[in-house]
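Data block below; observations after.
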Amino acid sequence: MNFQITGLPSAPFQPYFSMDAAKLARHGAMRLIADDDRSPCRVSLAHAAIGDELLLVSYEHQMAQSPYRAAGPIYVRKNAIEAKLMANEVPEQICSRLLSVRGYDRGDLIVEAEVTEGTLIEATIEQFFRSDSVMYIHIHFARRGCYAARVDRA
């Protein structure tokens with residue numbers, strides 16, 4: 001079963017990079033400098049390098065009008081280039097973490113859920129998409145609960 005992992009578009013986050021700390025705080029966001037190489041940018045789907053400027057911002061990743069509507073914290077790297085992954089390609093930032101995987105139906109309700117090691121994500125995606133009721137998948141980093149990426153059938 002072929003799948004496509006997608007990150008977020010960069011455009012909605014660009015205005016935040018010109019805001020000062022006080023204005024960012026009013027938006028529930030903050031500017032950080034990466035002090036390790038484990039900060040996962042949701043636009044590039046790659047880890048930030050040490051010294052990269054990042055935003056930590058709340059992002060509404062599940063905008064559906066269902067009980068599962070949700071938002072949570074994400075990192076976005078300044079000047080991040082949007083990820084353009086090949087079908088069935090899994091970025092390292094996903095492979096290297098414990099994941100919470102959630103399969104949603106047409107009504108945007110969770111119909112499948114699993115916690116798995118990132119190294120097993122391809123098998124989990126395949127298992128979820130065997131069910132005709134799973135329309136799309138959201139991957140979250142299990143330990144912090146942050147949204148990581150969306151998966152669709154390819």
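Nothing in this text is a laboratory measurement; each read-out follows from the coordinates by a stated rule. The model shown is predicted, which means the values in this text are computed figures rather than measured ones. All Cβ positions, even for glycine, are placed from backbone atoms using ideal geometry, and neighbour counts span all protein chains on display.
Remark on Leu99: its backbone amide H falls under 5 Å from those of Thr116, Glu117, Gly118, Ala142, a criterion applied only to residues 5 or more positions apart or on other chains, H modelled at 1.01 Å from N.
What the phi angles of the stretch 112-117 give under the Karplus curve with 6.51, -1.76 and 1.60, with θ = phi - 60°, is a coupling list of 9, 8, 7, 10, 8, 5 Hz, glycine and proline written as x. Restriction of the trypsin sites (Lys or Arg not before Pro) in the stretch 44-107 to DSSP coil positions whose beta-carbon has at most 14 other beta-carbons within 10 angstrom yields Arg69, Lys84, Arg106. Only the Cβ atoms of Lys and Arg (+1) and of Asp and Glu (-1) were treated as charged; on that basis the dipole of the chain about its Cα centre amounts to roughly 460 debye. Need the C-alpha centroid separation for the stretch 112-154 versus the stretch 34-110, integer Å. Here the answer is 13 Å between Cα centres. Fully extending the segment from Arg69 to Thr6 would add 20.8 nm, taking 0.36 nm per residue of separation and subtracting the current Cα-Cα distance.
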